[in-house]
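Here the structure is laid out as structure tokens; the discussion comes afterwards.
The values are calculated or read from the model by the stated rules, or taken from the named source; none is laboratory data. Worth saying up front: this structure is predicted, and the values here are computed from it rather than measured. All Cβ positions, even for glycine, are placed from backbone atoms using ideal geometry, and neighbour counts span all protein chains on display.
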DNA sequence: AAGTAGTTTAGAATGATTTTAAAGTAATTT
DNA sequence: AAATTACTTTAAAATCATTCTAAACTACTT
């Protein structure tokens, strides 16, 4: 099934722009990218698309669940007076953080570190939603 | 030891502004805060301090190691075509991400979720640095 | 008390993202 | 196939967090 049909099926208008983005993204291989990465690629294949459109498109694809936005704790810099190694709970709505002591998490198995690199940190973030 | 002495000992000039910030931050209780949170508190106690100064001050305290900047993946939005639950390696210098399959991490013990909340997500980020 | 080097500051600059509102277009209806 | 309508795209302006600039200031040294 081509991108046009998939978009229609998902309830989105099959605009030229969305088709271009879908054709780039869903080629079978997973990838991480920013809005600007995508714009560069679009330019590389001789097309043009405004950044606003790219943001709009990525947002609708994300809401549809066909891509994921990688979690970032907050869009503003957050500081912590606790300088010991620890993890965090994060309230998804407010961004509020609560410390988690390392002893409360057991990370008994970790993946092999890629060749040529060393581990320089490890963060666990448990996201919370208020019960309704 | 008061803030003035502590700053001097750390090799930082004991400016009025740094003393105010240190007095607010190092009162024995840990906390998470943004530059603006801090400015609001400073205004609340009848003082004034420019945001640039607050950023400068937090940066020097961070470099000194007396506060920590909570990790954020990247300052720009990153998207991922892999919508399955998974974790990430992150190259600290470039921000580049590599997927980690959940089966490669064993999280056998997790902390108790705070009263009134439910877990809505869990992310593990392993930071990498290139070997020298 | 004077010197100097690090600091503070307002305001400008930057960079990512969103908004605005006008022009365009996909899908529907005629 | 043309007309309609509602959703989209877009350039440009706006916004927000953060950094930079460069002039005024001040902590510490001499």
Practice task
State yes or no: is residue B:3 free of Cβ contacts under 8 Å to residues at least 40 places away in the same chain and facing chain A (nearest Cβ under 10 Å)?
Solution key: no
Fill in the blank from the handout: Considering residues that are assigned to a loop (DSSP other than H, G, I, E, B) and touching a strand residue (DSSP E or B) at 6+ places or on another chain (Cβ under 8 Å), the number found within segment B:90-99 is 3
Practice task
Could you please tell me which pairs satisfy a Cβ distance under 6 Å, a separation of 6+ or placement on different chains, a first residue in segment A:74-89 that is over 19 Å from residue B:52 (Cβ atoms) and assigned to a loop (DSSP other than H, G, I, E, B), and a second residue that is more than 9 Å from DNA strand D (Cβ to nearest atom) and modelled with pLDDT under 95?
Solution key: A:74/A:95
Practice task
Return the only residue of B:40, B:50 being near DNA strand C (Cβ under 10 Å from one of its atoms), farther than 30 Å from residue A:122 by Cβ and either away from every other protein chain (no Cβ under 14 Å) or surrounded by fewer than 18 Cβ atoms within 10 Å (Cβ to Cβ) (or both).
Solution key: B:50
Practice task
Kindly indicate the residue of segment A:93-132 that is loosely packed, with under 15 Cβ neighbours inside 10 Å and touching a residue at least 24 places away in the same chain (Cβ under 8 Å) and also nearest to the other protein chains (Cβ to nearest Cβ) among those meeting that condition.
Solution key: A:129
